[in-house]
1. Need a quick list: strands (runs of 3 or more DSSP E) entirely within the range 159-271 having at least 2 residues that are more than 16 Å from GLY147 (Cα to Cα) and touching a Pro at 6+ places or on another chain (Cβ under 6 Å).
2. Would you check which residues across the range 254-276 are buried (at least 17 other Cβ atoms within 10 Å of the Cβ) and closer than 12 Å to ASN133 by Cβ and list them?
3. Hey, could you check the range 98-120 for residues that are of a type outside the set (A, V, I, L, M, F, W, C), surrounded by fewer than 14 Cβ atoms within 10 Å (Cβ to Cβ) and outside any loop (DSSP other than H, G, I, E, B) and say which is farthest from the chain's Cα centre (by Cα)?
4. When you scan the range 209-253, how many residues do you find that are aromatic (Phe, Trp, Tyr), touching a Lys or Arg at 6+ places or on another chain (Cβ under 9 Å) and crowded, with 23+ Cβ neighbours inside 10 Å?
5. Tell me whether the range 83-93 contains one or more residues that are of a type in the set (Lys, Arg) and modelled with pLDDT of 95 or more.
6. If I ask for residues that are over 25 Å from SER230 (Cα atoms) and surrounded by 19 or more Cβ atoms within 10 Å (Cβ to Cβ), which ones from the range 123-165 would you list?
7. Which residue is surrounded by the most Cβ atoms within 10 Å (Cβ to Cβ), if the candidates are limited to the range 17-49 and must be free of Cβ contacts under 8 Å to residues at least 24 places away in the same chain and of a type in the set (Asp, Glu)?
8. Among the residues in the range 87-96, are any within 19 Å of the chain's Cα centre (by Cα), free of Cβ contacts under 8 Å to residues at least 40 places away in the same chain and either at negative phi or part of a loop (DSSP other than H, G, I, E, B) (or both)?
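The values are calculated or read from the model by the stated rules, or taken from the named source; none is laboratory data. Everything quoted here is computed from the prediction, not taken from an experiment. Every residue, glycine as well, gets a Cβ built from its backbone with ideal geometry; the counts of neighbours run over all protein chains shown.
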Amino acid sequence: MNVKKCETTKFPGLRIRAAKPDEIEFVIGLAENEGWNPGIHDGECFYHADTDGFFLAELNGEPVGCISAVSYNGSFGFIGLFIVKPDYRGKGIGSSLWSVAMARLEGQVIGLDGVLEQESYYSRHGFLPCYRNMRFEGKGGGVMPYGLFPLCDVPFENILAYDSLLFSQMRQDFLACWAGQEGSSAFASVKDGCVQGYGLVRKCRNGYKIGPLFAEDMSVAEILFLALRSTVSEHEPLFLDVPQPNKDALELANKYDMSVCFETIRMYRGKAPDIELKKVFGVTTFELG
């Protein structure tokens, strides 16, 4: 993959550069300040997805913004974590970050989950809306159902193969970190040796978030959802990010008294990946797809 190096911009004192591993928590901190409620261990796993895919904006040596431009296998990229500190907006910093991210993913299909207010900005750069994602909020609790396997008891290559069908790319380094992160619970449904679905719930700054929740049908999704929900205290908030076209997923969220608290719009520049959204009951993460 041909990766363009970031370079100094035309704005005096502004520099866009690759983020170092110990700086990813600064990026996650900016996401927390925006109210996006990242997971406690998101930074480490995000970095595993693509160690060259995270950028900082420095103004006179002070970090003031960030963006991620993660490439999966050199053919599909995803932009996220596009944030400039409030006091530094309107100075061209965001445009400089955006230019570096787009240059890095040049020639690839690119996806993003944008806040609704920024749809026109992304449209001007060649991104077309595909569907909305809806974040639902509810509560933990309930009883652990029978018939599932802890994710760690299922061969990783089987989980990776199933995941790639509903994400469209192999993301083995990210998934290995994601599935084994501290403070998470994960389960799989397996029938005759074949994965029928899997899901994970992780600790976030506020409560817990399910993602992904992939399943062959509503019945599998529901038992996985109940298992994940049961690992969370009934006093804790629980979040699930649902693609709006999946009517069964919306029904599942409504059945368990979850309500919409946030929305994004999934957009692509280039041909959208051919995945079965009816099997995507919960998005892995808005930041990486």
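1. Values: elements: 184-191, 194-203, 208-215, 237-243, 259-269.
Once the strands (runs of 3 or more DSSP E) in the range 159-271 are filtered for at least 2 residues that are more than 16 Å from GLY147 (Cα to Cα) and touching a Pro at 6+ places or on another chain (Cβ under 6 Å), what remains is 259-269.
2. PHE262, THR264, ILE265, ARG266, MET267
3. Restricting attention to the range 98-120, the residues satisfying the condition of being of a type outside the set (A, V, I, L, M, F, W, C) are 99, 104, 106-108, 111, 113-114, 117-120.
From the residues that got through so far, the ones that are surrounded by fewer than 14 Cβ atoms within 10 Å (Cβ to Cβ) too are 106-107, 117, 120.
After this cut, where a residue has to be outside any loop (DSSP other than H, G, I, E, B) as well, the list is 117, 120.
On the way: GLU117: 19, SER120: 21 Å.
Among those that are of a type outside the set (A, V, I, L, M, F, W, C), surrounded by fewer than 14 Cβ atoms within 10 Å (Cβ to Cβ) and outside any loop (DSSP other than H, G, I, E, B), it is SER120.
4. Qualifying residue count, the range 209-253: 1.
5. yes
6. Correct list: PHE127 only.
7. Here the answer is GLU25.
8. Residues of the range 87-96 that are within 19 Å of the chain's Cα centre (by Cα), as a first pass: none.
No: zero hits.
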